[in-house]
Each structure stands twice: as C-alpha cells, then as structure tokens.
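Remarks on the structure that follows.
Read-outs throughout are calculated quantities, based only on the coordinates presented, and are distinct from any laboratory measurement. Keep in mind that what you see is a predicted model, and the values were worked out from it rather than measured. Cβ atoms come from the backbone with ideal geometry, glycine included; neighbour counts cover every protein chain shown.
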Amino acid sequence: MNLAPGLEERARRVLEVCRSAGVRLALAEASTGGLIAACLTDIPGASAVLERGFVPYSNEAKTEQLGVPVERMVAHGAVSEEVARALAEGALARSPADLALGETGIAGPTGGSVAKPVGLVYLAVARRGRPTRCERHVFPGDRAAIRRASAARGLELLLTLLEGD
C-alpha cells in the first residue's frame, strides 16, 4: 500500500512504542473503514501489536460488534463523542488488548448538516484502568483527505497517550 506522507512514519512509531511497552492494540474504525489498521499492517511485525480491528460501518454493526447502545445513537447520533467513546470502550471490552481507538465521522461528500458538517470526526482512546479520552475535529477536503486526516490524527492520539506514560 502506498501510504500518504506521514502516515507510515506515525504507524511505525505507534508500533515501536507499543512493542517496547508491551501494549496490544484494538481498533474500531467507522468512517475510516479500516485505514488505520491498513497503515499498521503495511509494516512488517504489526502482528506483535495489533490484536484486532473492527469496522462497524453500519449502526447495526456498532451495536452487534461493539455493544454501542442503540439509545445512545438515537440520542446523540452515530457521529458523536458518546458513540466514539462507546466504540473504543467496546473494542477494549471485546478483546484482550490494552489500548483501543474508536473513530466515527462524516467523510462525505454527502451526509453532513449545519450541526454535523462533512469532515466532522470523533476519535476516542480507551486504556484499561484509565478514563477514556475523546477529541472532536472537522477536517477539510474531499472524502479521501478526510479519511487520511482522521487516520493520521488517530495515530497521533495513540502516540500522545503512549508517550505520556
């Protein structure tokens, strides 16, 4: 795979830091559709770190695979902080991983609104025994650019959490 500039370097760094800390990783990627997992698995040795990945693209998958409550999606929408947190926490609960990233967003070109524009992305990181951290972003560009920006920021968020330890 030909990764966008910076994605390969970030993915390598996540793998190095996780490997040296003995941390296993799980991913729950909705709007990126597995792009973060693809970035990581493009690098030899990723299996020592990446435990599993979920691509809960539909709302039904979010509930069935990761236990996101339907009520939470009805109340806040599938693209919300509450759902991003539930995705990360669900991935952690459904795996032996130590750290999980949950991602949900609107990559476009349609599906946005004034309240939730195209480019809106929520990224959440859950780690066993610690509070879940969540970020909100509105990334510019077309569908591909928004997905790449989401993946890049997701990898950076993992690094921030890992290197802060």
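Rg to Rh for the chain: what is it, with Cα atoms only and Rh by Kirkwood?
Result: Rg/Rh = 0.94.
Grab the beta carbon distance between Arg143 and Glu9, set R0 = 25 Å, and tell me the FRET efficiency rounded to 0.05.
0.60
Using 0.36 nm times the number of residues separating Arg136 and Ala115, minus their current alpha carbon distance, what extension gain do you get?
Using 0.36 nm per residue and subtracting the Cα-Cα distance, I get 6.3 nm.
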